[in-house]
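As structure tokens, the structure follows; a few thoughts come after it.
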Amino acid sequence: MCGIVGYVGYRNATDVLIEGLRRLEYRGYDSAGVAVKTEEGLKSLKRAGKLKRLEAALLEKPISGSSGIGHTRWATHGPPTDENAHPHLTEDGKLAIIHNGIIENYAELKARLLARGHRFVSDTDTEVLVHLIEEHFQGDLEAAVRQALSEALGAYAIVVLHQDREEIIAARTVSPLVIGLGEGENFVASDVPALLPFTRKVVFLEDGEMAVITPDAVRVSDLRGHPRPLRTTEIEWSLEDAEKGGYPHYMLKEIHEQPWVLENTLGGRLDEANGEVTLDLTLDPTAFDKIHVVAAGTAYYAGWVGKYLIEKLARIPVEADIASEYRYRDPLADERTLFIAVSQSGETIDTLEALREAKRRGASVLGVINVKGSTITREADDTLYIHAGPEIGVASTKAYVAMLAAMTMVAIWLGRARGTLGAEETRQLIGEMRKLPRLAEATLAQQEAIERIAAKYHQASDFLFLGRNLHAPTAYEGALKLKEISYIHAEAYPAGEMKHGPIALIDEHLPVVVVTPKGPWYEKTRSNIQEVKARGGRVIAVATDGDEDVKGDAEEVLYIPEVHPLLSPILAVIPLQILAYEIAVLLGRDVDQPRNLAKSVTVE
Ligand code: F6R
């Protein structure tokens, strides 16, 4: 969380910073600020609220210079005010810092610095770092940053600028940073989209590395000062991939990209003739007795579906865990455990720490990840990229369907190797998987029907989502989407569990979304619909095309095309994404940047 951009080169640094921050605002939008090295020294401007407030302030008071740093904040320590916005500067205004993460021992450092006469103007943990660097600075900025960081505990990505130095210094522990390489200019950012207008040649800083960045060179070392090689990577995403492409919101664009995303995730990996998937993984699928699938939020729901798929197709015990819980429960992971980390960003700290815990216990790690070069991909033994392209909308959509498609392939990979899944059954499944992009396209055609339903229910104060077996996670994901972007309270339950408590919530005011496409769960879920109806609840069903029976029980039906039951979660979530989107739009919510949220959660 928090967006970071730094620049040194021949352009006006402020323009580069603002351009980069626009593409990072999804990482936090509590405040924004820049500090730029001008001919009259460092100048800084920062504003609470969204980036456009800073842009307006910059129009009134332009700042230009050839190097600078910029930040969008997701508040941890201290409310979102102008004072707490980054960059933070020293009292003499010569040194500036931006930071993503948390400095855990900031209180102790602050007490020490106050005693030495430093004056603090914000409530942030970050401000201690700029004073600490000032304390150590004797002309060598790199050395001062290194010394200061040796005293700081916690997670951070920082970029530091000094009025008298022709360089910016970047350093990271845990929180990500990526350097963009140009000609006569160089960049640094917390995420790749900020760099795409300028360069696709990048260097991902490793955990515990720092970089000295000048217009003509980038030098990387570890935090002790030992040189490290510059490992450059070409980014495949285009600028267009990271823009709205005519849609009013990134989220809607990303929902509509799902057919293409499925094509991308599955492309080249389905070998129908031989009834195999080709995943190019080096891990041995027969080397494990159990699997732990660990993730957060939406990715966790994809992991939960993955658990059911793997257990069904590969007959191996799987536990699906919420990442923030995993590491504290003394997990029973060992050398015979495959730990699967599912993550869009590849940076979620809870997932990363769970991965490290599993590794300490000897498990092998497979990452199912979207962002190339992200920290999880570097710490995992193997990575299966989901190839969803950049996901900018804070509410995850296309990454979810890509994760589901990827987890289906992982289940087939395990099942084939372990002899629990035959070639013919796999061929059939693959034949169905090939249809998914087209079927997702057909599902999107429901948009207008869903708009009408959204108009009817958008004033409800609560929603209940129900689904059974593979569709319990679908229900949870539908509820999560709705609450995230519309702020309507939404609860999800496995459909069969409803009668054990939540049934008491049902009355004529409660819309109940029941996910019940055709599959082994169908009849039982239909009975649950009857139970809701009998108590006056208003049922919105998600059902398979041609299912006329469900119409008799439900007030509304959203149809998805017929598909193999194991693949139906990939289609059934799409109407729920659109429903959440349409309701949020009707309520006038900020769909791409819902309150209090940030994409890529890098604090625990
Ligand atoms: C929900 C959402 C979050 C993320 C979660 C994990 O719409 O986006 O719940 O799914 O923060 O993020 P990743 O997948 O980046 O690990």
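The values are calculated or read from the model by the stated rules, or taken from the named source; none is laboratory data. All values derive from a computational prediction rather than experimental measurement. All Cβ positions, even for glycine, are placed from backbone atoms using ideal geometry, and neighbour counts span all protein chains on display. Please note that ligands, DNA and RNA were not included when accessible areas were found on the heavy atoms of the full protein model with its side chains. Shrake-Rupley method; radii C 1.70, N 1.55, O 1.52, S 1.80 Å.
From the list E448, E484, which residue is within 29 Å of the chain's Cα centre (by Cα), among the acidic types (D, E) and either at pLDDT 95 or above or at positive phi (or both)?
After ruling out the rest, the residue left standing is E484.
For the range 95-135, which positions are in a helix (DSSP H, G or I), out of contact with any helix residue (DSSP H, G or I) (no Cβ under 6 Å at 6 or more places or on another chain) and of a type in the set (S, T, Y)?
Once the filter is applied, which keeps residues that are in a helix (DSSP H, G or I), out of contact with any helix residue (DSSP H, G or I) (no Cβ under 6 Å at 6 or more places or on another chain) and of a type in the set (S, T, Y), the range 95-135 yields only T126.
Take the residues in the range 318-339 that are within 16 Å of M407 (Cβ to Cβ) and away from the ligand (no atom under 16 Å from the Cβ), then tell me which one is surrounded by the fewest Cβ atoms within 10 Å (Cβ to Cβ).
My answer is E319.
Which residue, of I450, I430, I412, is more than 16 Å from the ligand (Cβ to nearest atom) and in the same structural domain as V513 (by TED's automatic domain parsing)?
Step by step, each of I450, I430, I412 is checked, and only I450 is more than 16 Å from the ligand (Cβ to nearest atom) and in the same structural domain as V513 (by TED's automatic domain parsing).
Looking only at the range 149-171, count every residue that is modelled with pLDDT of 95 or more and closer than 25 Å to T38 by Cβ and tell me the total.
11
When residues of the range 542-562 are filtered for being closer than 22 Å to E477 by Cα and touching a helix residue (DSSP H, G or I) at 6+ places or on another chain (Cβ under 6 Å), how many remain?
The qualifying residues number 7.
Please state which one of L566, L558, L586 is touching a strand residue (DSSP E or B) at 6+ places or on another chain (Cβ under 6 Å) and either open to solvent by 10 Å² or more (accessible area, probe 1.4 Å) or under 22 Å from I453 (Cβ atoms) (or both).
After ruling out the rest, the residue left standing is L558.
Here's the yes/no breakdown for (1) open to solvent by less than 60 Å² (accessible area, probe 1.4 Å); (2) at pLDDT 95 or above:
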site	(1), (2)
E243	no, no
G246	no, no
E257	yes, no
W260	no, no
G275	yes, no
P285	yes, yes
Y308	no, yes
K312	no, yes
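If you take the residues of the range 395-405 that are open to solvent by less than 10 Å² (accessible area, probe 1.4 Å) and more than 11 Å from V305 (Cβ to Cβ), which of them is nearest to the ligand (Cβ to nearest atom)?
That would be A395.
In the list R589, R526, which residue meets the criterion of being within 16 Å of the ligand (Cβ to nearest atom), touching a Ser or Thr at 6+ places or on another chain (Cβ under 7 Å) and of a type outside the set (V, I, T)?
Testing whether each residue is within 16 Å of the ligand (Cβ to nearest atom), touching a Ser or Thr at 6+ places or on another chain (Cβ under 7 Å) and of a type outside the set (V, I, T) leaves just R589.
Under 6 Å by Cβ, and 6 or more places apart or on different chains, what pairs join a residue from the range 544-570 that is under 23 Å from L309 (Cα atoms) with one that is open to solvent by 40 Å² or more (accessible area, probe 1.4 Å) and hydrophobic (A, V, I, L, M, F, W, C)?
P561/A442
I'd like the full set of residues that are touching a strand residue (DSSP E or B) at 6+ places or on another chain (Cβ under 6 Å), open to solvent by 40 Å² or more (accessible area, probe 1.4 Å) and part of a helix (DSSP H, G or I), limited to the range 452-490.
Y476, K483
Being modelled with pLDDT under 90 and open to solvent by less than 20 Å² (accessible area, probe 1.4 Å) is the filter; apply it to the range 491-531 and report the residue that is farthest from L558 (Cα to Cα).
If we take residues in the range 491-531 being modelled with pLDDT under 90 and open to solvent by less than 20 Å² (accessible area, probe 1.4 Å), then P502 is farthest from L558 (Cα to Cα).
What's the total number of residues in the range 8-25 that are under 20 Å from Y156 (Cβ atoms) and either open to solvent by 20 Å² or more (accessible area, probe 1.4 Å) or out of contact with any Pro (no Cβ under 7 Å at 6 or more places or on another chain) (or both)?
Result for the range 8-25: 3.
Can you name the residue in the range 340-369 that is part of a helix (DSSP H, G or I) and closer than 19 Å to N100 by Cα and is also nearest to the ligand (Cβ to nearest atom) among such residues?
The residue in question is T351.
Is it the case that the range 373-389 has a residue that's within 14 Å of the ligand (Cβ to nearest atom), open to solvent by 30 Å² or more (accessible area, probe 1.4 Å) and of a type in the set (D, E)?
Yes; the residues of the range 373-389 include at least one that is within 14 Å of the ligand (Cβ to nearest atom), open to solvent by 30 Å² or more (accessible area, probe 1.4 Å) and of a type in the set (D, E).
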